[in-house]
Amino acid sequence: MEENWLLVVVALVGVAVGAAGVGAFLSSERSQRTVPLSVPPPPVHDDVAQVLAALTATSVLLGPDEEVLRVSADAYSKGLVRNGRIPSAEVSLLVSQVRSSGSAARESVTISRSALATSDRLIFDVIVAPLSGGRVLVLAEDTTAARRLEEVRRDFVANVSHELKTPVGALSLLAETIADAADDPATVRRFSEQMRKEASRLSLLVADIIDLSRLQAPEGETALVDLAVDDVIAEAVDRVRVQAGARSSSIVVGAPSGLRVYGDHALLVTALRNLLDNGLRYSPEGTSVSVGVRAREGVVEIAVVDQGIGIAPAEVERVFERFYRVDPARSRETGGTGLGLSIVKHVAGRHGGDVRLWSAPGRGSTFTLRIPEVEGSSAPRPDDEEVA
C-alpha cells in the first residue's frame, strides 16, 4: 500500500510538472512563434510545490544537471542534500539509471546524516522517477526506526528462546528423575523443591518478558497522571519485604517527601521493585538497601543504594541490556531473569525520564530513577543534599 501510494504521488507530481512545462511552451509559442534550439526548464509550478509540501516522505526535485531545484525541509537534516547536491553515491547512481531507462526505480539505501565519520547512518526507502524537462523526483521514506525495531524484536526473540530453554529443560529432567526415584521419598522431596524453584523462575521470566514487550511496543500508550512518589515507594517496598526477610536484610526508606510526578503507578512500582530486587540479590545477606528521594531542577530522583558486589566501569553501560548479567552464576543462583534493569530503563523512558548508575567493585551501587516532577509539588530548599 505504501509503495502504491508513493507511486501515485510521483504520477501526480509528474502531471503537475508536465502541465507546467506545456503551459510554458504554449506561452512561448504564442509570443514568439519560434522555439530556440535549447529551451531551459520552466520554473517549478505552484502545483508542484503544493504536492511536494503535502508529502510525508522527504522529497528532492532535481534539474537536468543534477542541481537541486526544490527540497522538503528535512532533506538537509537527514543528509539527503548537502551543499546543493545529493552526496549519496547510491542515490546518484539510481538517478543516473532512471535517466537512462526513463522508468521509475525503487531501492533501499543507507545515508550518513552528515560528513562526519561518526555521523548516524539512516536507512531510506527511495523512489526515483523521471519527470518532464529533464527533471527527476527523489522521494525518500526514513525507515531507520522500523528497521532497528525489527532487529530488536528479532534479537529479543532469539534471547528469549535461549533463556527459556534452561528452566524448561531443567523441569523436564527433574520430572524424569522424580519418576525414576518414586520409591525414595527423600529424593522426591529434594527434586520436587528444585522443580518448584525452576517453575518460579520460569514464571518470573515470562512475566518480565510480557512487561518488557509491552514497554517496547511503539503503539503502546502510557497514561500519565499526577501521583504521589511516597505511595509508589511504599508499594514497591511492600512487594519485596518477604524476599528481604528471607535474606535477613532490611530496607531503609527516608522520611516522606510529599513529592509528586506525572506517571503510571503500576509501571513505576514495577521499576522501583526491580531496583530493590536487584539490590537485595547482589548484596550479602544481613545488609541493608536504602531508598532516598529528592527533587532537583524539576526532576524527582529516587535512589536505591545497596551494599552489593558493585559493577566494573566497563560494564556500567551494559547492565541495562536485555539478559545481560554482571555475574551470570550468581544471577542464576538467586533466580534473576536478566530483564529487570532493562525494564527499569524502558519505564523511565516512557515517563520522559532516565535511570543513572554509580557503582564501584566492592563498594555497592546506586541506581537513580529520574522522573519529571509535577510543577509546584515541592517547595524550594535552602540546601541541595545528595540522596543517601
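The values are calculated or read from the model by the stated rules, or taken from the named source; none is laboratory data. In this text the structure is predicted, and so the values were computed from the model without any measurement. Reconstructed Cβ throughout: ideal geometry from the backbone, glycine too, with neighbour counts over all protein chains shown.
Out of region 214-234, which residues are under 17 Å from the mean Cα position of the chain (by Cα) and modelled with pLDDT of 65 or more? If the condition is that a residue be under 17 Å from the mean Cα position of the chain (by Cα) and modelled with pLDDT of 65 or more, then Arg214, Leu215 are the ones that fit.
Picking from residues in region 319-366 that are among the charged types (D, E, K, R), surrounded by fewer than 17 Cβ atoms within 10 Å (Cβ to Cβ) and more than 18 Å from Leu272 (Cβ to Cβ), the one that is modelled with the highest pLDDT is Arg363. If you check Arg148, Arg135, Arg190 for being at pLDDT below 80 and either crowded, with 19+ Cβ neighbours inside 10 Å or outside the structural domain of Ala104 (by TED's automatic domain parsing) (or both), only one passes: Arg148. Scanning region 267-318 for residues being assigned to a helix (DSSP H, G or I) and surrounded by fewer than 18 Cβ atoms within 10 Å (Cβ to Cβ) gives a total of 4.
When Val237 is tested against (1) at pLDDT 90 or above; (2) among the hydrophobic types (A, V, I, L, M, F, W, C); (3) surrounded by fewer than 20 Cβ atoms within 10 Å (Cβ to Cβ); (4) within 20 Å of Asp354 (Cβ to Cβ), just one condition goes unmet, and that condition is (4).
So, in region 63-75, exactly how many residues are in a loop (DSSP other than H, G, I, E, B) and buried (at least 16 other Cβ atoms within 10 Å of the Cβ)? Qualifying residue count for the region: 3.
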